[in-house]
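K.L.:
The structure that follows is given in the form of structure tokens.
What follows is calculated from the coordinates using simple rules that are stated; it is not laboratory data. Please read these numbers as outputs of a predicted model, since none were measured by experiment. Reconstructed Cβ throughout: ideal geometry from the backbone, glycine too, with neighbour counts over all protein chains shown.
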Amino acid sequence: MSALNVEFPDAELQEIREIAQERGMTMKAFVRASTADAIARHRALKEGAAEFQRVFNDPALAAAIAEAGIDDGSGPGGRPASGGSSSGSPAGGRAA
């Protein structure tokens, strides 16, 4: 099995030690579990983004929304129908 040595600043190492102790875990087990949690979160975000893209780019869904008369707030090309920015000025509140 491969291993990975990771250096932590003293303050972070102390936090890891304290949290692991609070959870009744060894530091090694805590870091391993934290890494597994981060991997799972990353995977879920990637899957969620892929699903969003699939739905967002689904012409059948766009047609169903239009047919239902739902105003999604976008004008031609998916841009806001007002043509302006949220600040109400064409330059987005910045001096032109």
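K.L.:
For the stretch 9-79, just list the percent of Cα-Cα distances falling in each 10 Å bin from zero outward, please.
P.N.:
In order of increasing distance, the bins hold 16, 26, 16, 14, 15, 13, 0 percent.
K.L.:
Hand me the trypsin sites (Lys or Arg not before Pro) from the stretch 1-69 located in a DSSP loop with no more than 13 other Cβ atoms within 10 Å, in residue order please.
P.N.:
Those that pass, being in a loop and sparsely packed, are Arg23.
K.L.:
Around Gly48, with a cut-off of 15 angstrom between Cβ atoms, what is the net charge of the other residues, counting Lys and Arg +1 and Asp and Glu -1?
P.N.:
Local net charge: +2.
K.L.:
Across the stretch 59-66, in residue order, what do the Karplus-derived ³J(HN,Hα) couplings come to in whole Hz, using 6.51 cos²θ - 1.76 cosθ + 1.60 with θ = phi - 60° and x for Gly and Pro?
P.N.:
x, 5, 5, 4, 5, 5, 5, 5
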